[in-house]
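Asks: Quick one: structure below, then a few questions.
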Amino acid sequence: MSMDVTWLQGLNIILFWVFAGLLCAWIAPKRGRDPRIWFFLGVLFSFFAIGLILLLPPSKKKKLKKKAELTPLPPSEVAIKVWFYLDKAHKQQGPVDFSAILKEWKDKSLTRDSYVWSEGMEKWEQIAKIPDVEKELTTSK
């Protein structure tokens, strides 16, 4: 009987260590830390690791990541320019900003074969022949 009790006590200790590791691994990403490392720290140091991860300030990497997500990208050179385009009836439209070009693109009024022009261009060009414009149109949401 004493051997069975010892075995159960050992199992309880192992389960407690695993639980401490899982708890640390669950808290770690919320604090900007690596959950795999904190799992092992939780298994090895149990309550000390749990207390430590709760007392440590959130990781700066997490703060920087949030800041990067909030910081908008500067507008591209294509988006800043004033544009003219030929509609389906080949009538000149413009001047318009790039958002109008993008709207026409999404409405399928402009295609890769449509002609556009902006200051600095020598002549009217098809969208397909202007990589920056085509990229901006196809990657914009």
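Asks: If you check every pair at least six apart or on different chains, which have Cβ atoms under 6 Å apart with a residue in region 109-130 that is assigned by TED's automatic domain parsing to the domain that holds residue 99 first and a residue that is in a loop (DSSP other than H, G, I, E, B) second?
Replies: 115/124; 117/124; 118/81; 126/113; 127/112; 127/114; 128/112
Asks: Among the candidates 63, 81, 67, which residue alone is more than 30 Å from residue 16 (Cα to Cα) and at pLDDT 90 or above?
Replies: 81 is the lone residue from the list that is more than 30 Å from residue 16 (Cα to Cα) and at pLDDT 90 or above.
Asks: Of these, 38, 17, which one is modelled with pLDDT of 85 or more and in contact with a Cys (Cβ under 6 Å, 6 or more places away or on another chain)?
Replies: The unique qualifying residue is 38.
Asks: Would it be correct to say that residue 110 is touching a Leu at 6+ places or on another chain (Cβ under 7 Å) and of a type in the set (A, V, I, L, M)?
Replies: When the stated conditions are applied, residue 110 does not pass them.
Asks: Step by step: first the residues of region 102-138, then only those that are among the small types (Gly, Ala, Ser) and in a loop (DSSP other than H, G, I, E, B), then the one that is surrounded by the most Cβ atoms within 10 Å (Cβ to Cβ). Which residue is that? Walk me through it before giving the result.
Replies: Here is the first cut: in region 102-138, the ones among the small types (Gly, Ala, Ser) are 109, 114, 118, 120, 128.
Filter once more, so that each one left must be in a loop (DSSP other than H, G, I, E, B): 109, 114, 120.
Working: 109: 14, 114: 20, 120: 7.
Among them, the one singled out is 114.
The values are calculated or read from the model by the stated rules, or taken from the named source; none is laboratory data. These numbers come from a predicted model, not from an experiment. Methodologically, a virtual Cβ is constructed for each residue, glycine included, from the backbone with ideal geometry; neighbour enumeration extends over all protein chains shown.
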